[in-house]
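Trainee: The structure that follows is given in the form of structure tokens.
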Amino acid sequence: MKNIFSVFFVILLCALLSLAPAMAEGGVILDGRWLNADIQGNVTEDTPTVLKDDYGLFVNKDWILQAEIPAGESKTGSMEDVIRSLKDRQIALMKDDSLTGHDAELVHKLYALVSDWDYRNAQGVEPAMPTMEAIRGIDSLEALTNYLYDRNNPSRFYPLVMSVDTDLINPDIYMTQIGTPSLMLTDSAEYTERTQAGELYQALYEQLGMYMLTRLGYSDEDAAQVIENAFSFEALMAAHIKPTSTHYQADYFTSLLNYYSPEELEALAGGFPILDMLQAFGLKVGERFLVTEPDYISALPKIYTEENVVLMRDWMAMKAALSMGTLLDYETFKQMKTIANTVMGITGETSEDDNALQTVLSLLPVPMDNLYVQVYCTEQQRQDMLDIIADVVAYYRVMLENVDWLGDETRAKAIEKLDNIRVNAVYPDVLGDWSALDFAGIEDGGSLLAADTAVNEYVLALQSEKIDTAVDKDKWDQLTMQTAQVNAFYNPQNNSINIMAGILSGEIYNEDMSYEQKLGGIGTVIGHEISHAFDTNGSQFDKDGAFSNWWTDEDYAAFQARAAKLAAWYDGFIPWEGANYSGQQVQTEAIADMGGMKCILAIAAQQKDFDYEAFFRQYATVWRMQGLPAYLITLVAQDTHPMRYLRVNATLAQFDEFVDFYGIREGDGMYIAPEDRVAVW
Ligand SMILES: [Zn+2]
């Protein structure tokens, strides 16, 4: 279950106002090739637009000049328009009293709890006080342990993450995974060397924490101390957590393969009572555990000590206070939003309906998804997607057959993997069953916080039941994969391509589009997703989704050399002065963009009188965006996708079809000499 902590704050990420001017000076082409047109204010009437120099800007300039970031938001663009239209549909569902059945009842009951401010204001911050008082009363390691063991305490934060997922090596079985905790500054490296993004997060959490803690009864002085202690405790943990940059290295998945029996896990954790914590959290003890970072778990006895009790207690107080910020009265909700908006440079406010939807979706993802499928999904949409996917797979096969740097043995395995890709298109055949969930509504004196606790317990029980059981590969699990989201993705752990219903609107796909526009929209998205089966991550999983090497050494070395060339090229981009752009961070998505484009261009080449102009323009239109400087700072720090102006220009410039169609020549901004091109496939 995503807790409110992450949902609320990840969406509202923005920038310190003091950082913004360094970017907003704008208009400077720092990397010597393309202007970063994604930053609001970088493009003006006077900005030259030459198709052959900067295709994305040429296509999107008129849109950019009139684009307005909606009130309360940090960005706008074609993807954001699709998200908007999805939200409008979901808001209608959330408020539609004519819908019946258990899912609709849960949604309406929760919506009433969320939207009735008179009811919430009458409760004030009282629902939060027992938790805060219980945490405040912790004064010894024994008291801390007892608090974490007591399932009547709703807000329990552990210095580790316990979750249930499929086994990496044997994807037919669910098992418990033990990971490292998420940190407020997001990356453990931030605790020793602070970046622009780290400064932003620190400012954000300090201000939010100060408000929430004082609202919940702490004095200014005590609140400041709690915040300082919370960051100090995170620094203790961060010293043993690998930096995010290691997640993009070639050996990342190999580094995760650490299996333990319950006895071995307990030995690894030294004196830290890890199995008791696991059961107190709500998961049963399974036969085996996968531990992502054993060095962190073995360091826990040094972190979880009598000496550090106050630091950990205050870390829990900070986390608990922040997690409840959206679930209490109007004053608290409003102040939290205002602080986040100010830090991030966001103007205006999102609507009451949007705010309510965010909470309803975070608590009831599956019931909301079921309502969406019943009202908005059609057999026709699914058939359209299956047809396009079949075309893409067929041409991908030809592509793999013709790649000249692949040996026959690896080629055969790659094609076998392609042929074995599972497809989940638009909606599941069997809807998720949350009929056993219930919570008290307004008429029974319920509270939003109590509903949140009931949902968390329910989801944990569902997860616990899965441990050591076989994976039903035909089942579409809406808990991890809601179709009402603007997304499409490849899952290497079951070799599946997944096209969500929420993405099928606006500039991505609509029935009125020409064939070329559909290929430029949803076609390139599908090509991109299938390419993930053969990016630097996907290539390490086999046709059944098992982590397993199916490459010959020679072919894998050639593949890695091509990926390294691509990453080195992206390292050279400087989206604004002072930004660190990491080619390794964006390499899987860049490989997928280019692989997908190559595949769709191969489909285009088979068509008579194909309208390349309409196709290329649509592709550039899909990725247009305008974002606030602060938002882009957090995006570049975390996103594995290249910035959108690069998704357009860096991708298209790799292909003869594009270069030839527009007559692009050496010296033009969109020209890359064939020997310098970086497409892996
Ligand atoms: Zn992708």
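The values are calculated or read from the model by the stated rules, or taken from the named source; none is laboratory data. Note that this is a predicted model, so its numbers are computed, not measured. As a convention, Cβ positions derive from the backbone with ideal geometry for all residues, glycine included, and neighbour counts pool all protein chains shown.
Trainee: Name the single residue that is nearest to the ligand (Cβ to nearest atom) among those in region 514-553 being within 22 Å of the chain's Cα centre (by Cα) and among the acidic types (Asp, Glu).
Mentor: Checking each candidate, the answer is Glu529.
Trainee: Here's something else I'd like to know. Look at Tyr218 and say whether it is closer than 24 Å to Lys337 by Cβ and in a helix (DSSP H, G or I). Full working, then the answer.
Mentor: On the way: closer than 24 Å to Lys337 by Cβ: yes; in a helix (DSSP H, G or I): no.
So Tyr218 does not fit the description; no.
Trainee: Of the residues Tyr372, Tyr296, Tyr396, Tyr304, only one is crowded, with 20+ Cβ neighbours inside 10 Å, in contact with a His (Cβ under 6 Å, 6 or more places away or on another chain) and farther than 30 Å from Gln40 by Cβ; which? Please lay out each step first, then the result.
Mentor: Values: Tyr372 fails: in contact with a His (Cβ under 6 Å, 6 or more places away or on another chain); Tyr396 fails: in contact with a His (Cβ under 6 Å, 6 or more places away or on another chain); Tyr304 fails: in contact with a His (Cβ under 6 Å, 6 or more places away or on another chain).
Just a single option satisfies the conditions, and that option is Tyr296.
Trainee: Hey, another quick one. Name the helices (runs of 4 or more DSSP H) wholly within region 1-86 that hold at least 1 residues that are at pLDDT 90 or above?
Mentor: Numbers: elements: 4-11, 20-24, 55-66.
Of the helices (runs of 4 or more DSSP H) lying wholly inside region 1-86, those with at least 1 residues that are at pLDDT 90 or above span 55-66.
Trainee: Next up: Looking at the structure I just gave you, is Leu322 over 23 Å from the mean Cα position of the chain (by Cα) and outside any strand (DSSP E or B)? It would help to see each step written out before you state the result.
Mentor: Values: over 23 Å from the mean Cα position of the chain (by Cα): no; outside any strand (DSSP E or B): yes.
The answer is no for Leu322.
Trainee: Which pairs do you get when a residue that is farther than 18 Å from Gly198 by Cβ, found in region 623-651, comes within reach of a residue that is in a loop (DSSP other than H, G, I, E, B) and within 16 Å of the ligand (Cβ to nearest atom), reach meaning Cβ atoms under 8 angstrom, with the pair 6+ apart or on two chains?
Mentor: Going by the 8 Å Cβ cut-off, the qualifying pairs are Arg644/Trp623; Tyr645/Trp623; Arg647/Trp623; Arg647/His641; Val648/Trp623; Ala650/Pro642.
Trainee: If you go through region 293-300 one residue at a time, do you hit one that is closer than 26 Å to Gln225 by Cβ, within 24 Å of the chain's Cα centre (by Cα) and at pLDDT 95 or above?
Mentor: Looking only at region 293-300, we keep the residues that are closer than 26 Å to Gln225 by Cβ, and these are 299-300.
So of that shortlist, the ones also within 24 Å of the chain's Cα centre (by Cα) come out as none.
No: region 293-300 contains no residue that is closer than 26 Å to Gln225 by Cβ, within 24 Å of the chain's Cα centre (by Cα) and at pLDDT 95 or above.
Trainee: Just checking, does region 593-600 include any residue being farther than 30 Å from Tyr509 by Cα, within 16 Å of the ligand (Cβ to nearest atom) and either in a helix (DSSP H, G or I) or modelled with pLDDT of 95 or more (or both)?
Mentor: no
Trainee: Can you find a residue in region 600-617 that is surrounded by 21 or more Cβ atoms within 10 Å (Cβ to Cβ) and either within 19 Å of Tyr252 (Cα to Cα) or out of contact with any helix residue (DSSP H, G or I) (no Cβ under 9 Å at 6 or more places or on another chain) (or both)?
Mentor: Within region 600-617 (the criterion being surrounded by 21 or more Cβ atoms within 10 Å (Cβ to Cβ) and either within 19 Å of Tyr252 (Cα to Cα) or out of contact with any helix residue (DSSP H, G or I) (no Cβ under 9 Å at 6 or more places or on another chain) (or both)), the answer is no, since none of the residues qualifies.
Trainee: Right, another one. Quick check on region 585-593. Is at least one of its residues closer than 26 Å to Ala614 by Cβ, of a type in the set (D, E, K, R) and surrounded by fewer than 21 Cβ atoms within 10 Å (Cβ to Cβ)?
Mentor: Within region 585-593, one or more residues are closer than 26 Å to Ala614 by Cβ, of a type in the set (D, E, K, R) and surrounded by fewer than 21 Cβ atoms within 10 Å (Cβ to Cβ).
Trainee: Another question, if that's okay. Would region 613-626 turn up any residue that is more than 20 Å from Leu57 (Cα to Cα), more than 16 Å from the ligand (Cβ to nearest atom) and not basic (Lys, Arg)? Full working, then the answer.
Mentor: Here is the first cut: in region 613-626, the ones more than 20 Å from Leu57 (Cα to Cα) are none.
Scanning region 613-626 turns up no residue that is more than 20 Å from Leu57 (Cα to Cα), more than 16 Å from the ligand (Cβ to nearest atom) and not basic (Lys, Arg).
Trainee: So Glu511 clears everything in (1) more than 16 Å from the ligand (Cβ to nearest atom); (2) crowded, with 19+ Cβ neighbours inside 10 Å except one condition, right? Which one?
Mentor: The one condition Glu511 does not meet is (2).
Trainee: While we're here: I need the full set of residues from region 419-441 which are touching a residue at least 24 places away in the same chain (Cβ under 8 Å), surrounded by 13 or more Cβ atoms within 10 Å (Cβ to Cβ) and in a loop (DSSP other than H, G, I, E, B), in order please.
Mentor: Within region 419-441, Asn420, Ile421, Tyr427, Pro428, Leu431, Gly432, Trp434, Leu437, Asp438, Phe439, Gly441 meet the criteria.
Trainee: Give all pairs with beta carbons closer than 6 Å in which a residue from region 513-535 that is within 12 Å of Tyr612 (Cβ to Cβ) meets a residue that is within 16 Å of the ligand (Cβ to nearest atom) and at pLDDT 95 or above; count only pairs at least 6 apart in sequence or on separate chains.
Mentor: Close Cβ pairs satisfying both conditions: Leu519/Ile600; Gly520/Tyr619.
Trainee: Right, Ala630: within 22 Å of Gly572 (Cα to Cα), more than 16 Å from the ligand (Cβ to nearest atom), in contact with a Gly (Cβ under 6 Å, 6 or more places away or on another chain) and among the small types (Gly, Ala, Ser) or not? Full working, then the answer.
Mentor: Values: within 22 Å of Gly572 (Cα to Cα): yes; more than 16 Å from the ligand (Cβ to nearest atom): yes; in contact with a Gly (Cβ under 6 Å, 6 or more places away or on another chain): yes; among the small types (Gly, Ala, Ser): yes.
Judged against the criteria, Ala630 is a match.
Trainee: Something else about it: Restricting to region 74-110, what's the tally of residues that are surrounded by fewer than 21 Cβ atoms within 10 Å (Cβ to Cβ), within 18 Å of Val455 (Cβ to Cβ) and in contact (Cβ under 8 Å) with a residue 24 or more places away in the chain?
Mentor: Result for region 74-110: 3.
Trainee: Then there is this: From the list Ser447, Ser496, which residue is within 16 Å of the ligand (Cβ to nearest atom), surrounded by 19 or more Cβ atoms within 10 Å (Cβ to Cβ) and among the small types (Gly, Ala, Ser)? Explain how you work it out, then say what you get.
Mentor: Working: Ser447 fails: within 16 Å of the ligand (Cβ to nearest atom).
Going through Ser447, Ser496 in turn, the sole match is Ser496.
Trainee: Continuing with this model, one more query. Which one of the conditions (1) within 25 Å of Ile83 (Cβ to Cβ); (2) in contact with a Cys (Cβ under 6 Å, 6 or more places away or on another chain) does Tyr395 fail to meet, given that it meets all the rest?
Mentor: With (1) within 25 Å of Ile83 (Cβ to Cβ); (2) in contact with a Cys (Cβ under 6 Å, 6 or more places away or on another chain) applied to Tyr395, the lone miss is (1).
Trainee: Hey, another quick one. Can you name the condition, by its number, that Tyr490 falls short on among (1) among the hydroxyl-bearing types (Ser, Thr, Tyr); (2) farther than 23 Å from Asp369 by Cα; (3) within 16 Å of the ligand (Cβ to nearest atom)?
Mentor: (2)
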